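The block underneath contains the structure these notes are about, expressed in structure tokens.
The values are calculated or read from the model by the stated rules, or taken from the named source; none is laboratory data. Since the model is a prediction, treat every value here as computed from it, not as a measurement. Quick reminder, even Gly has a Cβ in these numbers, built from the backbone with ideal geometry, and neighbours come from all protein chains shown. Remember, those area values only see protein heavy atoms, side chains included, never the ligands or the DNA or RNA. Shrake-Rupley method; radii C 1.70, N 1.55, O 1.52, S 1.80 Å.
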Amino acid sequence: MRKKILITGASGMVGKSLIKILKKKKYKILSPSSKKLNLLDKNSIENFLKKNKPFFVIHLAGYIGGIGASINEPINFLQENILMGINLIKSSHKLKIKNFINIGSSCIYPPNQTKPIKENQLLNGKIEKTNEGYAIAKISCIKLCEYISTNYKYNYFTLIPCNIYGPHDKFDEYKGHVVGSLIKKIFLAKKYKKVNVEIWGSGKVNRELIYVDDVSNAITKFMFNKKLINKKIFWLNIGFGENVMINTLAKKIAKILNFKGKFNNNLNKPDGVRSKLMSSELSNKYGWKVRVNLDDGLKKTISWFVKSQH
């Protein structure tokens, strides 16, 4: 009998990429909508888990957005993400589901470190204010998974990706992450023959970006990783290994879209952290590597986006 894997947030960018990969491995995929599985309701979760009996849970769902949304909606970012994560982890544990992958975020780490951030730097400094609600929710879920793995010898593990981009991203000028929002802005500027595109902040801050399929490959690589848990490793960084400046990123996107206009940096808007480059030394040591470079990833993403607009 094929083993069942429950994927929350299956309709999102990582979910769609992951399902494509897992289908080749002959698992039975459970990908319920939020109507069928309401992660804010413990009863809904327990009823779904009892009825469907997944062997594995992969938690991708979340309340997400770019820097503007994160600053303006701290209550939603904290409340929604902590409730979804804790409810699902607790219910899975209660019903003796022994395998769980949780997805974190690089915003959990202290910002603006001078060297790439290692896993042991979690809770080793302040959290960036613009991401505080989201980071607290993510840290809570990471630690709960660690405690369950430690006390019950379960395989509850977290992967910490850097900024993810790719097909099915949220291409929204205001709520999207940096790649999705820049692609949308530049695409519309070209379409409507605008000569300027606004970039929030100085554009001189750096971001580490990873193509979505690389994250999905990391999930499948580390799904069954009791040897890591036995070594007291409960989360791993999944990063690209290099930063790109926001202004440089905008120029790369403009070149692919053949936009000839200029960029204006709006210094009244926040920059966010200067850098949050992570060290992926540990995940590399255990056999995972990035496969898609930034230029190729941007071309694939933009190609998908442009086709989706027709």
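General observations
- In sequence order, calculated HN-Hα J values of the stretch 295-305 (Karplus, 6.51, -1.76, 1.60; Hz; x Gly/Pro): 4, 5, x, 5, 4, 4, 5, 5, 4, 4, 4
- Note on the chain: with neighbouring protein chains present and a 1.4 Å probe, carbon and sulfur make up 51 percent of its accessible heavy-atom surface.
- Across q = 0.06, 0.14 Å⁻¹, the chain modelled as identical point scatterers on its alpha-carbon atoms has Debye log10 I(q)/I(0) values of -0.19, -1.08, in the order of the q list.
- Charge context of Lys307, other residues only, Cβ under 13 angstrom, K/R +1, D/E -1: +2
- Our summary of shape: the Cα atoms of the stretch 1-140 have principal axis extents of 50, 30, 26 Å, ordered from largest down, in whole angstrom.
- Projecting the alpha carbon convex hull of the stretch 190-310 along each direction and taking the average yields 9.2 nm².
- With a simple spin-label model that places each label point 7 Å from the Cα along the Cα-to-Cβ direction, the separation between Met245 and Asn293 comes to 2.0 nm.
- Where a label projected 7 Å from the Cα of Phe224 along Cα→Cβ would reach, residues of the stretch 15-49 with amide N under 17 Å: 22-29
- Backbone amide hydrogens, once placed in the peptide plane, bring Ile238 within less than 5 Å of Ile160, Cys162, excluding anything fewer than 5 places away on its chain.
- Per residue, the convex hull spanned by the alpha carbons of the stretch 1-84 comes to 88 Å³.
- Summed residue charge, Cβ within 11 Å of Ile89's Cβ, Lys/Arg positive, Asp/Glu negative: +2
- Approximating the spin labels as points 7 Å out from Cα along Cα→Cβ, the Ser33-to-Leu282 distance works out to 3.9 nm.
- Divide the volume of the convex hull around the Cα atoms of the stretch 57-125 by the residue count and you get 117 Å³ per residue.
- Principal axis box of the stretch 157-205, alpha-carbon based, largest edge first, Å: 48, 26, 14
- Principal axis extents of the C-alpha atoms in the stretch 143-250 (largest first, rounded to whole Å): 59, 26, 21.
- The residues of the chain present an accessible area of 50 Å² per residue when probed at 1.4 Å with all protein chains retained.
- Ratio of the Cα radius of gyration of the stretch 252-310 to 2.2 N^0.38 Å, where N counts its residues: 1.60
- Viscosity 1.002 mPa s, 20 °C: Kirkwood-radius Stokes-Einstein D of the stretch 110-171 over Cα pairs, µm²/s: 155
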